[in-house]
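Visitor: Before I ask anything, let me first share the structure, which is written out below as structure tokens.
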Amino acid sequence: MMNKPVHQTLLGVFLLFQFAPLAASMESDFAEGVKWFKQAQYTTAVKHFEAARSQGLESVALHYNLGSSYYKLGRYDQAKVYFQGLLDVADMRQLSQYNLGLIALRQNEASRARDYFSAIVAADTDAKLQSLAESQLQKLSLETATGADRGSVYLAASLGYNDNISALPEDALTDAAGSFYSLYLSADRVISGQRNAGWLVDLSIYAVDFTGDGEHDDRQYDLGIKKTLQLSDWQSGFQLSLLQSDYGGGDYQSVYKLEATANKALSSGRKIHLRYRLEDIHSDDVSYDYLDGQRHKIRVEYKKYSAADSWQFYYELETNDRAQLQTSSYSYDYSPRRNTLYGRYGYYLGNHWQLAGDLSYRVSDFPASSSMDREDRQLRVALNADYRFNRTLKLLTRLQLTDNDSSEDIYTYQQAVFKIGLSQLF
């Protein structure tokens, strides 16, 4: 990324002791952190820097070193928190802007990186940083002009066990448990402009196979085109896509989707996310014609990141306008109105493990008919433990428990799903 002298200047240890004398233990931990950073032992360096911070040390030097250490470990959201916290320190502003620009590049946020580098050039106060920022801006311009590859690929594979595959009531379970394997692949590529201000195409494939039972196997293929742009301080996107799905080895549905999103950074480590999605659903098998129609989803989401943990909350409203299922004995209108509350908390345990728990509560109100007046209340709890081998490779584990309570007994069920797998970002 840089030659050695520049590397030491911009992402090396920061040794300006512009703070009151430290307690002996703080000094010891801080000095140990500096020593291990110089030896490229960034995990150990973070351990000592965090120990100094936990004892009450709050300084420019410590925050800069923590940001640099987390950057070296590929934990960019945590590094970003520390560098953003130094933007109000006049002597550190441009150095922090440069490092935030590097993080933005790592996170494929070219537009944001350009803003940081341009701010350094406009300030015109540090010749060395200005030269480096100008070099980064030239690289960004060259990548845009030559159409350099700005694509990514994500692959996840897992094995698991589901104790209620058919989601049936407890007294109706008949050999409904089983193991499965799943595969998820997603890829995107910038075809014009930049990732945050251009056109992208994306593709995803999802497959679940149950061993010994093909009745519930699932396949989904999603292809779309997306336009991204910056609207004031909102990062926005508009996407049109087609989802083709098979179920139980046969045709199921074709879904045309239109989606609009907007993200805004509220402050350091805090973001609000808005999403609207329209789905036009068409059955590919007459057995599922009663599901034809439209679905609307509106979501308001809040995210908060720090060096130690992360929070996520959202509310989602879903409305449906579907066809009706008519039989000789009853009629059924599958057009629920759903309200969902979701929360997730993640905690970094050391520099490799992340533990997380998520909780969702969903209320589904179905239109009443002469034969049925259904309302469901679903509670879902999940525990996750992920191990990061490096910046792109992870071990994923998840235990998910679902309790669906319905006014119609046939739709009341409990379900437990466990899975373990690997993910790789290319």
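The values are calculated or read from the model by the stated rules, or taken from the named source; none is laboratory data. The model shown is predicted, which means the values in this text are computed figures rather than measured ones. Here Cβ is always computed from backbone atoms with ideal geometry, including for glycine, and neighbour counts include all displayed protein chains.
Visitor: Out of the residues in region 169-189 that are closer than 15 Å to residue 212 by Cβ and part of a loop (DSSP other than H, G, I, E, B), state the one that is modelled with the lowest pLDDT.
Guide: Among those that are closer than 15 Å to residue 212 by Cβ and part of a loop (DSSP other than H, G, I, E, B), it is 175.
Visitor: Being surrounded by fewer than 17 Cβ atoms within 10 Å (Cβ to Cβ), assigned to a strand (DSSP E or B) and out of contact with any helix residue (DSSP H, G or I) (no Cβ under 8 Å at 6 or more places or on another chain) is the filter here; which residues of region 220-234 pass it?
Guide: Answer for region 220-234, where residues must be surrounded by fewer than 17 Cβ atoms within 10 Å (Cβ to Cβ), assigned to a strand (DSSP E or B) and out of contact with any helix residue (DSSP H, G or I) (no Cβ under 8 Å at 6 or more places or on another chain): 221, 223, 225, 227, 229, 231, 234.
Visitor: Quick check on region 266-281: of everything there that is more than 15 Å from the chain's Cα centre (by Cα) and small (Gly, Ala, Ser), which residue is surrounded by the fewest Cβ atoms within 10 Å (Cβ to Cβ)?
Guide: My answer is 267.
Visitor: With the structure loaded, tell me whether residue 392 is among the β-branched types (Val, Ile, Thr) and at pLDDT 95 or above or whether it fails that test. Can you show your working first?
Guide: Details: among the β-branched types (Val, Ile, Thr): yes; at pLDDT 95 or above: no.
Answer is no for this residue.
Visitor: Give the number of residues within region 385-411 that are closer than 28 Å to residue 156 by Cα and of a type in the set (Asp, Glu).
Guide: Residues flagged as closer than 28 Å to residue 156 by Cα and of a type in the set (Asp, Glu) within region 385-411 amount to 2.
Visitor: Another question, then. Please find, among 192, 241, the residue that is loosely packed, with under 14 Cβ neighbours inside 10 Å and either part of a strand (DSSP E or B) or modelled with pLDDT under 90 (or both).
Guide: 192 is the lone residue from the list that is loosely packed, with under 14 Cβ neighbours inside 10 Å and either part of a strand (DSSP E or B) or modelled with pLDDT under 90 (or both).
Residues checked against (1) among the acidic types (Asp, Glu); (2) surrounded by fewer than 17 Cβ atoms within 10 Å (Cβ to Cβ); (3) modelled with pLDDT of 95 or more; (4) not in a helix (DSSP H, G or I):
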{"position": "122", "(1), (2), (3), (4)": "no, yes, no, no"}
{"position": "130", "(1), (2), (3), (4)": "no, no, no, no"}
{"position": "142", "(1), (2), (3), (4)": "no, yes, no, no"}
{"position": "167", "(1), (2), (3), (4)": "no, yes, no, yes"}
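Visitor: When you scan region 75-84, do you find a residue that is touching a strand residue (DSSP E or B) at 6+ places or on another chain (Cβ under 6 Å), surrounded by fewer than 20 Cβ atoms within 10 Å (Cβ to Cβ), outside the structural domain of residue 346 (by TED's automatic domain parsing) and not aliphatic (A, V, I, L, M), even just one?
Guide: So far as region 75-84 goes, yes, one or more of its residues are touching a strand residue (DSSP E or B) at 6+ places or on another chain (Cβ under 6 Å), surrounded by fewer than 20 Cβ atoms within 10 Å (Cβ to Cβ), outside the structural domain of residue 346 (by TED's automatic domain parsing) and not aliphatic (A, V, I, L, M).
Visitor: Restricting attention to region 262-281, which residues are touching an Asp or Glu at 6+ places or on another chain (Cβ under 8 Å) and among the charged types (D, E, K, R)? Spell out how you get there, then give the answer.
Guide: Residues of region 262-281 touching an Asp or Glu at 6+ places or on another chain (Cβ under 8 Å): 264-265, 269, 272-278, 281.
Hits for region 262-281 are 264, 275, 277.
Visitor: Need the failing condition index for residue 87 against (1) in a helix (DSSP H, G or I); (2) more than 21 Å from the chain's Cα centre (by Cα), just the number.
Guide: Status for residue 87: all satisfied but (1).
Visitor: Just give me the residues in region 354-370 being surrounded by 14 or more Cβ atoms within 10 Å (Cβ to Cβ) and modelled with pLDDT under 85, in sequence order.
Guide: 369
Visitor: Looking only at residues in region 18-75 that are of a type in the set (S, T, N, Q) and assigned to a helix (DSSP H, G or I), which one is modelled with the lowest pLDDT?
Guide: 25
Visitor: While we're here: Which one of these is assigned by TED's automatic domain parsing to the domain that holds residue 280, of a type in the set (D, E, K, R), touching a residue at least 12 places away in the same chain (Cβ under 8 Å) and loosely packed, with under 13 Cβ neighbours inside 10 Å: 333, 373?
Guide: After ruling out the rest, the residue left standing is 373.
Visitor: Right, something else. Just one of 220, 235 is modelled with pLDDT of 95 or more and in the same structural domain as residue 184 (by TED's automatic domain parsing); which is it?
Guide: 220
Visitor: Could you give every pair whose Cβ atoms fall below 9 Å, whose first residue belongs to region 114-141 and is of a type in the set (Val, Ile, Thr), and whose second residue is exposed (fewer than 15 other Cβ atoms within 10 Å of the Cβ), counting only separations of at least 6 or pairs across chains?
Guide: Listed by first residue and then by second, the contacts come to 120/134; 121/134.
Visitor: With the structure loaded, tell me whether residue 204 is more than 16 Å from residue 260 (Cα to Cα), of a type in the set (Ser, Thr, Tyr) and touching a Leu at 6+ places or on another chain (Cβ under 7 Å) or whether it fails that test. Full working, then the answer.
Guide: Working: more than 16 Å from residue 260 (Cα to Cα): yes; of a type in the set (Ser, Thr, Tyr): yes; touching a Leu at 6+ places or on another chain (Cβ under 7 Å): yes.
Yes.
Visitor: Here's something else I'd like to know. Going through region 274-308 one residue at a time, which ones are touching a residue at least 40 places away in the same chain (Cβ under 8 Å), in a strand (DSSP E or B) and more than 21 Å from residue 235 (Cβ to Cβ)?
Guide: 281, 293, listed by residue number.
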